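Participant: Starting off with a structure, shown below.
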Amino acid sequence: MTSLLKDELPSITTRYLEAVVADVVARSPGEQEFHQAVAEVAETLVPVLERNPAYREWKILDRMVEPERVIMFRVPWVDDRGEIHVNRGYRIEMSSAIGPFKGGLRFHPSVYLGLLMFLAFEQVFKNALTTLPMGGGKGGSDFDPKGRSDLEVMRFCQSYMTELQRHIGPFTDIPAGDIGVGSREIGYLFGHYKRIRNEFSGVLTGKEIEWGGSLIRPEATGYGTVYFAEEMLATRGETLDGMTCLVSGSGNVAQYTVEKLIALGAKPVSLSDSGGFVHDPDGIDDEKLHWVMELKNVRRGRIQEYVERFPRATFTPAATDGRNPLWAIPAHCAFPCATQNEISGPDAAALVANGVVLVAEGANMPTVPEGVDRFRAAGILYGPGKAANAGGVAVSGLEMSQDALRITWTRDEVDLRLRGIMASIHRTCRDTAEEYGVPGDYAVGANIAGFVKVADAMIDQGVV
Ligand code: NDP
């Protein structure tokens, strides 16, 4: 393995961190995204472990990369034609150091253990940053809801929950949505849990408002990402007003990122799905966004249809050469909101060459490590997903509080709390980066601040 850590003369700390990463690679072979996520965190922890050797002596990182529990199970279900299918279900309970396991479920054909290990690992840091008492977890299945009828999705969700319900609960593990799991899926999962367990509890978040959900939860990840971007820009005396913005994805996070950008006077000009991207040089306004929401959330159509309805826009099919020409469109800001590793090194170079001043990640780990290095070298404002997109899980935490108290806060109350939490996450990342000698590096700030909070709790709780 080439050195992941950049010291020329390795100290005890760098050798220790390299050994942890090497161990992860050896013990979890083939789990490339998990290796990437751990290496990205490890290389930023040198100063904090140098300053506090107890974290090394207590083997904190060794324990953080090993899930407390991994559940894998068979999910058999029957399609509308009577054919039997078998998918694989997962739940990774990564860390309960600062609260019950918390994190989304992803239903997508690309789901496998390594993908969920990366997402669960990131979730631990993200949840720590929110200031709320939530541990980290992630789950899902390689089931593809695309093209399936509502009844097929329901039967799948019921079969998935039949097993998962043994392992979760409002004080143990509280799943939520992610790619392929929206309010429809949460409804079917919740209904089945309630039936089997004979309890109406806050075991899932992202519920509809009429049965235990929180206002602003659907909007929270997108809105929060934009609030984080606002905070970053404010450090340079700038605002989003008048900024041209690239947005990828067209699901939950992308839709509400666009909505908030429009509200703040910015001009979002793109959206995408796995088929390709649309570029609308006139800008996506509220009316166009409303049409996209109907297309994606009700008709479950493809983003390509946008150009039939709005012919001044263009559609570019997804590239297969590792580049995404979406990121070569000239703009001031970029909001990747689709999936992991969607900004390659050359894509990041194109963004920088076009003078982008800010990248705020609505998706989890959308930028490959080479791309992050390019953003750092260019000195642009770079908000990593584990900080910038933490608004979703933060409002999930607020949903849990409302469920426990049997009350409902108003839209404005929740939005105000979300804003406050995003401002606090921004402050924490900025101050921590400064404290450790890398001012402006939000990725280092997020990793160290999240790590310290979890590490201190782990030391308090002994070797468990
Ligand atoms: P959705 O399922 O609502 O939307 C996902 C979007 O990304 C769709 O447009 C989808 O296109 C596209 N996409 C998914 N996989 C790929 C792929 N392999 N290649 C190209 N496009 C792809 O998911 P969300 O909006 O909820 O999630 C988007 C990102 O945000 C994920 O990284 C998720 O982990 C992250 N996130 C989500 C949170 C939430 O609250 N929902 C919270 C924090 C982070 P298509 O329909 O063609 O698949």
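FYI, it's all coordinate maths here, none of it is from the lab. Since we're looking at a predicted model, the values are computed, not measured. Neighbour counts are summed over all protein chains in view; Cβ atoms, including those assigned to glycine, are modelled from backbone coordinates with ideal geometry.
Participant: Counting DSSP beta bridges with both partners in the stretch 220-383, what percentage is antiparallel, nearest 5?
Facilitator: 40 percent
Participant: Let me spell out the model: positive unit charges on the Cβ of Lys and Arg, negative unit charges on the Cβ of Asp and Glu, origin at the Cα centre of the stretch 69-202. What dipole size does that give, in debye rounded to 20?
Facilitator: Result for the stretch 69-202 is approximately 240 debye, rounded to the nearest 20.
Participant: A further question follows. Along Cα→Cβ, 7 Å out, is where each label goes; now give me the distance between the ones at Arg323 and Trp211 in nm to one decimal.
Facilitator: That separation, rounded to one decimal, is 4.9 nm.
Participant: Once the piece of chain linking Ile407 and Ile12 is laid out straight, how much longer is it, given 0.36 nm per residue of separation minus the C-alpha distance between them?
Facilitator: Here the segment from Ile407 to Ile12 would lengthen by 137.1 nm.
Participant: Between rounded, prolate and oblate, where does the stretch 220-383 land on the alpha carbon gyration tensor, with a ≥ b ≥ c its root eigenvalues, rounded for a/c under 1.5, else prolate if a/b exceeds b/c?
Facilitator: Oblate, since a/c reaches 1.5 and b/c is not below a/b.
Participant: Quick check: pseudo-label points 7 Å beyond the Cα along Cα→Cβ at Ala263 and Asp431, how many nm apart are they?
Facilitator: 2.7 nm
Participant: To continue, here is another question. Restricting to the chain, what percent of DSSP beta bridges are antiparallel, rounded to 5?
Facilitator: The antiparallel fraction comes to roughly 60 percent.
Participant: Right, here's the next one. Just check the stretch 176-314 against the gyration tensor rule for me: Cα atoms, a ≥ b ≥ c as the square roots of the eigenvalues, rounded for a/c under 1.5, and otherwise prolate or oblate depending on whether a/b exceeds b/c.
Facilitator: Note, shape of the stretch 176-314 comes out oblate.
Participant: Now a separate question. Please list, by residue number, every one of the GluC sites (Glu not before Pro) in the stretch 136-227 that is coil in DSSP and has at most 15 other beta-carbon atoms within 10 Å.
Facilitator: When the GluC sites (Glu not before Pro) of the stretch 136-227 are filtered for loop state and at most 15 Cβ neighbours within 10 Å, Glu199, Glu208 remain.
Participant: Using a Förster distance of 56 angstrom, determine the FRET efficiency expected from the C-beta separation of Asp286 and Thr162, and round it to 0.05.
Facilitator: Efficiency computed from Cβ-Cβ geometry: 0.85.
Participant: For Leu351, Leu151, Leu61, Leu132, which order do you get if you count the other beta carbons within 10 Å of each Cβ and list the fewest first?
Facilitator: Leu151, Leu132, Leu61, Leu351
Participant: Between their Cα atoms, which of Lys386/Lys453; Lys126/Lys453; Lys260/Lys288; Lys102/Lys386; Lys126/Lys146; Lys102/Lys453 are more than 19 Å away from each other?
Facilitator: Violating the 19 Å Cα-Cα cut-off are Lys126/Lys146.
Participant: While we're looking at this one, here's another question. For a Förster distance of 60 Å, can you work out the FRET efficiency between the beta-carbons of Ile459 and Arg81, rounded to the nearest 0.05?
Facilitator: After rounding to 0.05, the efficiency reads 0.60.
Participant: Starting from the Cα-Cα distance between Arg74 and Arg300, subtract it from 0.36 nm times their residue separation and give me the gain in nm to one decimal.
Facilitator: Once the chain is fully extended between Arg74 and Arg300, it gains 78.6 nm.
Participant: Something else about it: Sorted from fewest to most neighbouring beta carbons within 10 Å, what does the list Val70, Val24 look like?
Facilitator: Val70, Val24
Participant: Same structure, new question: With +1 on the Cβ of every Lys and Arg and -1 on the Cβ of every Asp and Glu, and nothing else charged, how large is the dipole of the chain about its Cα centre, in debye rounded to the nearest 20?
Facilitator: Taking the Cα centre of the chain as origin, the dipole is about 840 debye.
Participant: In nm, to one decimal, how far is the modelled label at Asp373 from the one at Phe310, with both set 7 Å along Cα→Cβ?
Facilitator: 3.7 nm
Participant: Could you tell me which trypsin sites (Lys or Arg not before Pro) in the stretch 360-464 are loop residues by DSSP with no more than 12 other beta carbons within 10 angstrom of their beta carbon?
Facilitator: Arg406
Participant: By the gyration tensor of its Cα atoms, with a ≥ b ≥ c the square roots of the eigenvalues, what is the shape of the chain: rounded for a/c under 1.5, prolate for a/b over b/c, or oblate?
Facilitator: Taking the square roots of the gyration eigenvalues as a ≥ b ≥ c, the chain is rounded.
Participant: Let me ask something else. What stretch of the chain, leaving out the sites themselves, is the longest with no chymotrypsin sites (Phe, Trp or Tyr not before Pro) in a DSSP loop having at most 13 other Cβ atoms within 10 Å?
Facilitator: 201-464
Participant: Considering only Pro325, Ile284, Ser270, whose Cα is most displaced toward the positive end of the charge dipole of the stretch 268-336, charges sitting on Cβ of Lys, Arg (+1) and Asp, Glu (-1)?
Facilitator: Result: Pro325, furthest along the dipole toward the positive end.
Participant: Here is a follow-up. Pop the C-beta distance of Ser274 and Glu57 into the FRET formula with R0 = 56 Å and round what comes out to the nearest 0.05.
Facilitator: Calculated transfer efficiency: 0.75.
Participant: So, one more: What is the order of Asp142, Asp150, fewest Cβ neighbours within 10 Å to most?
Facilitator: Asp150, Asp142
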